[in-house]
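See below for the structure under consideration.
The values are calculated or read from the model by the stated rules, or taken from the named source; none is laboratory data. No experiment lies behind these values; they were computed from the predicted model shown. We place every Cβ from the backbone using ideal geometry, glycine too, and count neighbours over all the protein chains shown. These area figures cover heavy atoms from the full protein model, side chains too; ligands, DNA and RNA do not enter into them. Shrake-Rupley method; radii C 1.70, N 1.55, O 1.52, S 1.80 Å.
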Amino acid sequence: MSAATPTSRQLGQPGRIRTSWVWLLTLFTVASFIEVIFWSQVQAFTPLYLRSLGVADADRDSWTGVIAAVSSAIGIPFLPFWGALADRYARQPIIVRSFVAHMLTGVLVILSPNIWVFLVARAIQSLSLGNSGLMMTTLSERMPANRLGLGFGVLNGAAPLGLFIGPLIGGPIVDGWGFSVLLIVDVALLLAVILTLTFGYRDGFKGTDRGSLLRMAWASIGIIAKSSRLRLLFPALFLLFAGWMLAFTYVPLVIERLYHGDEAVLATTIGLVAGSGGLATLFISPLLGALGDRFGHWRVLFTAAAVSVVLWPWPMLANDLGTFTLFWAVISGLSSAIFALSFTVLSSSTPSEVRGRVMTFSYLPVNVGYAVGPAIGSIITPWNIFAVFPAAAVITAMGIAALAVATRQSVDTVADEAALTQVETHPV
């Protein structure tokens, strides 16, 4: 913990100063909520929008997978540099940067004359990765120690709520006025977030490391690579979430296949069904967390993942939209809850001395999964779009097997810290 942390803790004292951490928590939570709303709406309604870009129906399945993969993969190599830039200069502008990337994506999508400009716009969106870890780190320095659990719970609760609300309110807007109008609203909200994050709080953290950015970025990766458990745990989590992201990407197209009602409310229907998983997460995630506290987080993670393997093929058996909605709500909600539980096992597998830097990568497994899963989908969906569900089961099972191998590795102790961070002392 840095020397500045005790001073930061003082911000949690009674009176006007205490309000500052409450305001910061509120600001970060609202910002994250709007971010997830935007992301979920782009994800849910892209397959419909592809028609207006001249993509033939026969090609929409493949393009959906390619776009989803590109929109995540391009930004992953930059992830270590965001943390390095934050450590060297300041966190606040790096947090704001992610919302600027989202806003630029929205503007370019609105202006896109063809699929290629749209693809570039989605690629820019991938430059938004890496803000959640910085938000959690800033909160951990600002909040009282006995409120951190509450703060992280509130902040991370924005994601499932946004996944539910985003498609739900976006569908009627797309049906009534079009996707571009929805994006105009989103861009306005993102601009408000950018201005509020820029001027609405003061981050006392100032970077002091003036070393090479490349070396600092490489050092963050080196911490994971030199840890016997982490270098296996991260790939295991990649696999665990790749199946979920594979199915998640193609759900709007599956809904379209099963829907036989009025085309004028198709987007609304997609929003309702896609959002059902986010609603289920609000109930399943706290339950899974409580079970983990009671019976052990690793044990509950393995059990829940095994249950998801059994459930993943079920949506393929649905003959109507109502049955599919039920199946999707349960399996998507369970997968989201497994993802939330992964933060706990990742944290417990990390030495406390380097935990903050490792947790900056906490969203990396799902980001990689969002690149790999849809890429696999672009290959298998031309055969049968419903094949994404048994494929998700197979990939998840591979993730469980990889997790079992990772758990056999020891957690590095304080004595190993020098080995974990040794890469920082050598120029790259």
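Numbers for the structure displayed
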item: His260, sole failed condition from (1) modelled with pLDDT under 90; (2) open to solvent by 60 Å² or more (accessible area, probe 1.4 Å); (3) out of contact with any helix residue (DSSP H, G or I) (no Cβ under 7 Å at 6 or more places or on another chain); (4) under 24 Å from Ile95 (Cα atoms); result: (4)
item: Any hit, the stretch 280-288, residues being in contact with a Ser or Thr (Cβ under 6 Å, 6 or more places away or on another chain), over 30 Å from Gly222 (Cα atoms) and buried (at least 24 other Cβ atoms within 10 Å of the Cβ); result: yes
item: Of all residues making up the stretch 114-133, the number that are more than 14 Å from the chain's Cα centre (by Cα) and in contact (Cβ under 8 Å) with a residue 12 or more places away in the chain; result: 9
item: Hits in the stretch 348-372 (condition: within 23 Å of Ile94 (Cα to Cα), at pLDDT 75 or above and among the hydroxyl-bearing types (Ser, Thr, Tyr)); result: Ser362, Tyr363, Tyr370
item: Top-ranked residue of the stretch 46-59 - restricted to ones that are small (Gly, Ala, Ser) and outside any helix (DSSP H, G or I), ranked as least open to solvent (accessible area, probe 1.4 Å); result: Ala56
item: The stretch 358-374: number of residues that are assigned to a helix (DSSP H, G or I) and either open to solvent by less than 20 Å² (accessible area, probe 1.4 Å) or of a type in the set (D, E, K, R) (or both); result: 8
item: Conditions (1) surrounded by 13 or more Cβ atoms within 10 Å (Cβ to Cβ); (2) modelled with pLDDT of 90 or more; (3) over 20 Å from the mean Cα position of the chain (by Cα): number failed by Ile395; result: (3)
item: Top-ranked residue of the stretch 375-413 - restricted to ones that are in a loop (DSSP other than H, G, I, E, B) and not polar (S, T, N, Q), ranked as nearest to Leu240 (Cα to Cα); result: Arg408
item: Which listed residue is of a type in the set (Gly, Ala, Ser) and over 19 Å from Pro374 (Cα atoms), from Gly243, Gly292, Gly277; result: Gly292
item: Breaking point among (1) more than 21 Å from the chain's Cα centre (by Cα); (2) farther than 21 Å from Thr323 by Cα; (3) touching a residue at least 60 places away in the same chain (Cβ under 8 Å), for Ala242; result: (1)
item: Given (1) modelled with pLDDT of 90 or more; (2) closer than 28 Å to Gly83 by Cα; (3) open to solvent by 10 Å² or more (accessible area, probe 1.4 Å), index of the condition Ser228 fails; result: (1)
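Condition check ((1) surrounded by fewer than 21 Cβ atoms within 10 Å (Cβ to Cβ); (2) among the aliphatic types (A, V, I, L, M)) across all residues:
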{"residue": "Ala101", "(1), (2)": "yes, yes"}
{"residue": "Ser112", "(1), (2)": "yes, no"}
{"residue": "Met135", "(1), (2)": "no, yes"}
{"residue": "Glu141", "(1), (2)": "no, no"}
{"residue": "Leu161", "(1), (2)": "yes, yes"}
{"residue": "Val174", "(1), (2)": "no, yes"}
{"residue": "Val185", "(1), (2)": "yes, yes"}
{"residue": "Ala188", "(1), (2)": "yes, yes"}
